[in-house]
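Novice: Just dropping this structure here.
The values are calculated or read from the model by the stated rules, or taken from the named source; none is laboratory data. Predicted model, so just to flag it, every value in this text is computed and none were measured. Virtual Cβ from ideal backbone geometry, glycine too; neighbours counted across all protein chains shown. When the accessible area is computed, the model is the full protein with side chains, heavy atoms only, and any ligands, DNA or RNA have been set aside. Shrake-Rupley method; radii C 1.70, N 1.55, O 1.52, S 1.80 Å.
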Amino acid sequence: MCGIVGYTGLDQAKDILVDGLKRLEYRGYDSAGVALEATDGAGDPRIDVVRRVGKVAGLESELVGVDSAATCGIGHTRWATHGRPSVANAHPHVSCDGRIALVHNGIIENFAELREALVRRGHTFMSDTDTEVFAHLIEEAYDGRPADAATGEPARPGCHDLMGAVREACTHVVGAYGLAVVCADEPGVIAVARKDSPIIIGRGERGSYVASDVIAVIDATRDVVVLEDGQFARLTREGITYTDAEGNAIEPAVTHIDWDIDMAEKGGYPDFMLKEICEQPRVVRDTLVGRMTGGELDIDELGLTMEELNLIDRVYVIACGTSYHAGLIAKNLIEMWARIPCEVEAASEFRYRNPIITPSTLVVAVSQSGETADTLAAIRDARIKGAKVFGITNVVGSPVARESDGVIYTKANKEIAVASTKSFIGQVVSLTLLALLLAQVKGKLTTGQVRLLFSELGNTAEQIQWILDTQEEAIHEAALACKDAHSALFVGRGMGAAIANEGALKLKEISYLHAEAYAAGEMKHGPIALIDRDFPVIAIATKSPVYDKTVSNLKECEARGAKIIVVATEGDEDIHKIADHVIYIPPVRDAFSAITATVPLQLLAREVALMRGCDVDQPRNLAKSVTVE
Ligand code: AGP
């Protein structure tokens, strides 16, 4: 949820930290701050902390006036969980004596009791955050702990070793943390800890780096360590040492990052969202590369034998948000082709139900970030209950990838805009491959049929390109018709109903315009009462077996004065009879229509958001990775 970054090396830390925070801003942008090493008038080391409410740009402006020669520091960009966005609640947080400063991503579940005990022992808290307990716990472990009269615990001596103090503090904490800590008494050292919150460590030619995401360090190195739960790292200018919870030296595996920093820049586009929408033809192509070898579908990362796959008799797709909508598409495909019952469930619901899971249940966990807390909890629960779990994620080495029996990586590459676009397309293409494989293994589709479908799937790359090249004007006109609405309804049938959900979510999250998705046939059971001229109905009515039925439902809306915008199939001229605005997609098999028909809805949402003066890359109240419940 939050982004953390740290640097110790030969160069000035301030700019490196700000640059890293800008790249991590997709993780949260309520407030931001840095802690930099400094010296006082007598030349003694101290830690200076600068914090600002709002985006990293505000912090950057404030830091212009700060003359810092520090070559070691830590930074943070926050998405508020405990405590509203304010300077006091912004990270870094410091110990009572200000000599220890830290940044944290995660949630400390037992913070209330820890805080109470710390206050009893004389600590003063400056914020409402859960994180601050860590600063005081580390302070006690470092300097020594006073006796606690309430519990009868005697005083304890300090260990005067930052890494040791961090390790000790972690033993008291229940919850999730990615933590980077500096101490005025150990210049040039950053102590790092991780549990259930992403931390990557990198060593470049000019120093050592820690961050929540590789994107913050990729300029310096492509070889990173993805810290595991219970592992610790001590970064210095000279190098990095890794230890386990007992302090034993370990040598974690190094992961090579094969994507480029250009992929994380806007590359001439006005915003990341548009850039990422325009990358979608490439995402389709890359996700399919190597998936058909010698005329056979090839998904060898599955982690399941063909025999095991053949035994699958129930599929659950678990995911959140946009990834959940990709699951809705998958349900249609898996049931249509493989004839296996498939349920799609929000991970946040699945984890607290008692779903029917047997050893022949396949759970497919879909997550762009691979670190969504609810999805991870659902994976763990499903595995305990005996299901095989298959992950579909965009982030190599992410928790979803590591905790699943097998994984397909969507080849979207880094997605920066908070609203998911290209990763959705990568997910749908990957789920389509999975559905084809299940159908083939179950003998429901022949190898020849699978090959034909695979080749048509590949054609969607050019079809998306056609939409990007030709529909700009139509989308602009449709956006003008929506921008002043108080609410909008997205409707469709079959695949169209699933796509409608994603269209409504995109509009809501970036334009702050209320939108709802409804199965078109359900309109007359209630929502049609909402319709008036200020209430646009956005329909997915592409040529499909339910086209005529959808058109009938739209006529019902038209008769009640709705403003109708339709995503239709190129060549469908009749649709103009009921539609105020038509956006075309090329003719496509219904099974693949989600891959193309979603694209105009992404563009429409962006256009409406821009017309309403919204920030399309960083919508209010949101963060890209939701690592809390
Ligand atoms: C999509 O536009 C959203 N920002 C959000 O719904 C997202 O899809 C959801 O939080 C799930 O994230 P994940 O795919 O990283 O698990």
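Novice: For region 429-488, how many residues meet the condition of being of a type in the set (A, V, I, L, M), open to solvent by 70 Å² or more (accessible area, probe 1.4 Å) and closer than 22 Å to residue 408 by Cα?
Specialist: 1
Novice: Now a separate question. So how many residues does region 585-606 have that are away from the ligand (no atom under 16 Å from the Cβ), open to solvent by 20 Å² or more (accessible area, probe 1.4 Å) and in contact with a helix residue (DSSP H, G or I) (Cβ under 7 Å, 6 or more places away or on another chain)?
Specialist: 3
Novice: Out of 524, 543, report the one residue that is loosely packed, with under 14 Cβ neighbours inside 10 Å and either farther than 25 Å from residue 585 by Cβ or of a type in the set (Lys, Arg) (or both).
Specialist: Just a single option satisfies the conditions, and that option is 524.
Novice: Hey, can you tell me all the residues within region 366-375 that are surrounded by 24 or more Cβ atoms within 10 Å (Cβ to Cβ) and either more than 8 Å from the ligand (Cβ to nearest atom) or assigned to a strand (DSSP E or B) (or both)?
Specialist: Correct list: 366, 367.
Novice: Report, by residue number, each residue of region 226-244 that is under 20 Å from residue 256 (Cβ atoms) and acidic (Asp, Glu).
Specialist: 228
Novice: Based on what the data block shows, is residue 323 of a type in the set (S, T, N, Q), assigned to a loop (DSSP other than H, G, I, E, B), within 13 Å of the ligand (Cβ to nearest atom) and in contact with a Ser or Thr (Cβ under 7 Å, 6 or more places away or on another chain)?
Specialist: Against the criterion (of a type in the set (S, T, N, Q), assigned to a loop (DSSP other than H, G, I, E, B), within 13 Å of the ligand (Cβ to nearest atom) and in contact with a Ser or Thr (Cβ under 7 Å, 6 or more places away or on another chain)), residue 323 does not qualify.
Novice: Quickly run through region 490-505 and pick out the residues that are closer than 23 Å to residue 622 by Cβ, buried (at least 24 other Cβ atoms within 10 Å of the Cβ) and touching a residue at least 60 places away in the same chain (Cβ under 8 Å).
Specialist: 490, 498, 499, 502, 503
Novice: Separate question: Of the residues that sit in region 234-281 and are in contact (Cβ under 8 Å) with a residue 60 or more places away in the chain and among the polar types (S, T, N, Q), which one is least open to solvent (accessible area, probe 1.4 Å)?
Specialist: Ranking the qualifying residues of region 234-281, first place goes to 280.
Novice: Pick out the one residue from 589, 620 that is out of contact with any His (no Cβ under 7 Å at 6 or more places or on another chain), of a type outside the set (Gly, Ala, Ser) and within 30 Å of residue 107 (Cβ to Cβ).
Specialist: Selected residue: 620, the only one of 589, 620 that is out of contact with any His (no Cβ under 7 Å at 6 or more places or on another chain), of a type outside the set (Gly, Ala, Ser) and within 30 Å of residue 107 (Cβ to Cβ).
Novice: Here is a further query. Is it the case that region 337-360 has a residue that's touching a residue at least 24 places away in the same chain (Cβ under 8 Å), within 16 Å of the ligand (Cβ to nearest atom) and either at positive phi or part of a loop (DSSP other than H, G, I, E, B) (or both)?
Specialist: Yes - at least one qualifying residue is present in region 337-360.
Novice: Condition check: within 15 Å of the ligand (Cβ to nearest atom), in contact with a Phe, Trp or Tyr (Cβ under 7 Å, 6 or more places away or on another chain) and either more than 22 Å from residue 437 (Cβ to Cβ) or open to solvent by 10 Å² or more (accessible area, probe 1.4 Å) (or both). Does residue 363 satisfy that?
Specialist: Against the criterion (within 15 Å of the ligand (Cβ to nearest atom), in contact with a Phe, Trp or Tyr (Cβ under 7 Å, 6 or more places away or on another chain) and either more than 22 Å from residue 437 (Cβ to Cβ) or open to solvent by 10 Å² or more (accessible area, probe 1.4 Å) (or both)), residue 363 does not qualify.
Novice: Here are 306, 292: which of them is modelled with pLDDT under 90, away from the ligand (no atom under 16 Å from the Cβ) and over 26 Å from the mean Cα position of the chain (by Cα)?
Specialist: Going through 306, 292 in turn, just one is modelled with pLDDT under 90, away from the ligand (no atom under 16 Å from the Cβ) and over 26 Å from the mean Cα position of the chain (by Cα): 306.
Novice: Whether any residue in region 4-16 is acidic (Asp, Glu), over 24 Å from residue 272 (Cα atoms) and part of a helix (DSSP H, G or I) is what I want to check.
Specialist: No, because not a single residue in region 4-16 is acidic (Asp, Glu), over 24 Å from residue 272 (Cα atoms) and part of a helix (DSSP H, G or I).
Novice: May I ask you to list the residues in region 388-417 that are over 20 Å from residue 303 (Cα atoms) and either without any contact (Cβ under 8 Å) to a residue 24 or more places away in the chain or open to solvent by 10 Å² or more (accessible area, probe 1.4 Å) (or both)?
Specialist: 413, 414, 416
Novice: Here is a further query. For region 83-93, state whether one or more residues are at pLDDT 95 or above, assigned to a strand (DSSP E or B) and under 26 Å from residue 15 (Cβ atoms).
Specialist: yes
Novice: Output yes when any residue across region 554-573 is buried (at least 23 other Cβ atoms within 10 Å of the Cβ), outside the structural domain of residue 24 (by TED's automatic domain parsing), part of a helix (DSSP H, G or I) and not aliphatic (A, V, I, L, M), and no when none is.
Specialist: Taking every residue of region 554-573 in turn, at least one turns out to be buried (at least 23 other Cβ atoms within 10 Å of the Cβ), outside the structural domain of residue 24 (by TED's automatic domain parsing), part of a helix (DSSP H, G or I) and not aliphatic (A, V, I, L, M).
Novice: Determine which member of the set 539, 515 is assigned to a strand (DSSP E or B), at negative phi and touching a Lys or Arg at 6+ places or on another chain (Cβ under 7 Å).
Specialist: Every option except 515 fails the conditions.
Novice: Follow-up question, since we're still on this one. Take the residues in region 380-408 that are touching a strand residue (DSSP E or B) at 6+ places or on another chain (Cβ under 6 Å) and within 11 Å of the ligand (Cβ to nearest atom), then tell me which one is farthest from residue 354 (Cα to Cα).
Specialist: My answer is 393.
Novice: I'd like to know if region 583-592 contains one or more residues that are outside any helix (DSSP H, G or I) and hydroxyl-bearing (Ser, Thr, Tyr).
Specialist: Among the residues of region 583-592, at least one is outside any helix (DSSP H, G or I) and hydroxyl-bearing (Ser, Thr, Tyr), which makes the answer yes.
Novice: A follow-up question, please. Of the conditions (1) without any contact (Cβ under 8 Å) to a residue 40 or more places away in the chain; (2) open to solvent by less than 20 Å² (accessible area, probe 1.4 Å), residue 231 clears all except one; give me its number.
Specialist: Residue 231 satisfies all of (1) without any contact (Cβ under 8 Å) to a residue 40 or more places away in the chain; (2) open to solvent by less than 20 Å² (accessible area, probe 1.4 Å) except (2).
Novice: Another question, if that's okay. Residue 74 fails exactly one of the following numbered conditions: (1) of a type outside the set (Gly, Ala, Ser); (2) open to solvent by less than 20 Å² (accessible area, probe 1.4 Å); (3) under 25 Å from residue 266 (Cα atoms). What is the number of that condition?
Specialist: Failed condition: (3).
Novice: Turning to a different aspect of this structure: Of the conditions (1) modelled with pLDDT of 95 or more; (2) open to solvent by less than 20 Å² (accessible area, probe 1.4 Å), residue 299 clears all except one; give me its number.
Specialist: All conditions are met except number (1).
Novice: Anything in region 416-437 that is within 9 Å of the ligand (Cβ to nearest atom) and either in a loop (DSSP other than H, G, I, E, B) or among the basic types (Lys, Arg) (or both)? List them, or say none.
Specialist: 417, 418, 419, 420, 421
Novice: Being open to solvent by less than 50 Å² (accessible area, probe 1.4 Å), out of contact with any Ser or Thr (no Cβ under 9 Å at 6 or more places or on another chain), within 16 Å of the ligand (Cβ to nearest atom) and assigned by TED's automatic domain parsing to the domain that holds residue 451 is the requirement here; does residue 328 meet it?
Specialist: Here the answer is yes, as residue 328 does meet what is asked.
Novice: Restricting attention to region 302-325, which residues are open to solvent by 40 Å² or more (accessible area, probe 1.4 Å), of a type in the set (A, V, I, L, M) and in contact (Cβ under 8 Å) with a residue 60 or more places away in the chain?
Specialist: The answer is 306, and nothing else.
Novice: Here's something else I'd like to know. Kindly indicate the residue of region 161-185 that is part of a strand (DSSP E or B) and hydrophobic (A, V, I, L, M, F, W, C) and also surrounded by the most Cβ atoms within 10 Å (Cβ to Cβ) among those meeting that condition.
Specialist: Step by step, filter region 161-185, then rank; the result is 180.
Novice: Is there a residue being farther than 18 Å from residue 385 by Cβ and not charged (D, E, K, R) anywhere in region 351-364?
Specialist: no
Novice: Can you spot a residue in region 279-292 that is within 29 Å of residue 450 (Cα to Cα) and part of a strand (DSSP E or B)?
Specialist: Yes, because at least one residue in region 279-292 is within 29 Å of residue 450 (Cα to Cα) and part of a strand (DSSP E or B).
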